[in-house]
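The block underneath contains the structure these notes are about, expressed in structure tokens.
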Amino acid sequence: MGAREIELLGRVGTTQSEIDRLCKRLQSKTQCIRIVYEAGPCGYGLYRQLTHKGFDCMVCAPSLIPSKPGDRVKTDQRDAVKLVRALRAEDLSAVVPSVEDEAFRDLSRMWVSAKDDLSEHDSN
């Protein structure tokens, strides 16, 4: 894998048009594009959008990202560079569930949340 400079593109919006604009921008730069980001509360819709457009995309669990002892300063920019370096070193593990598994996880989380809300309501 080439050791090209890491180019930061800044923050990217989450609407379909903003994602489409990013994809066009990336495709105009080169043909071989690998995308990596941390799993988060928004699910895996972005992953599915990007892979549908033909991008090589990886979502990794924040808890599985290698970190150096004492490296506690977290910023979006530092995290992005760290992810790219770990991707290039092949130090990351993908964590993308199937659509069905993701739906089941969402349902389970909602059930626990509703149960907690009811317990809180009953204790008042």
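The values are calculated or read from the model by the stated rules, or taken from the named source; none is laboratory data. Only a predicted model underlies this, so the values are computations on that prediction, with no experimental measurement involved. For neighbour counting, all protein chains shown are included, and Cβ atoms are generated from backbone atoms with ideal geometry for every residue, glycine included. For the accessible areas, the whole protein counts, side chains as well, though only heavy atoms, and no ligand, DNA or RNA atoms are used. Shrake-Rupley method; radii C 1.70, N 1.55, O 1.52, S 1.80 Å.
Here is how the numbers come out for the structure above:
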read-out: Only Lys, Arg (+1) and Asp, Glu (-1) charged, at Cβ; the chain dipole about Cα centre in debye; value: 800
read-out: The chain: relative contact order in percent, alpha carbon pairs under 8 Å with at least 6 residues between; value: 23
read-out: Accessible surface of the stretch 36-124 [probe 1.4 Å, protein heavy atoms]: carbon and sulfur percent; value: 54
read-out: Nonlocal Lys pairs with alpha-carbon distance under 22 Å, the stretch 1-114 (8 or more apart, or different chains); value: 5
read-out: Solvent-accessible area per residue, Å², over the chain with all protein chains present [probe radius 1.4 Å]; value: 77
read-out: Three-way shape label, the stretch 75-124, alpha-carbon gyration tensor, a/c 1.5; value: oblate
read-out: Overall form of the stretch 4-101 per C-alpha gyration tensor (a/c, 1.5; a/b vs b/c); value: oblate
read-out: For a label point 7 Å along the Cα-to-beta-carbon line of D122, residues of the stretch 96-112 with backbone N under 20 Å; value: 108-112
read-out: Rounded FRET efficiency, nearest 0.05, which uses the C-beta distance separating V73 from R25 and R0 of 22 Å; value: 0.15
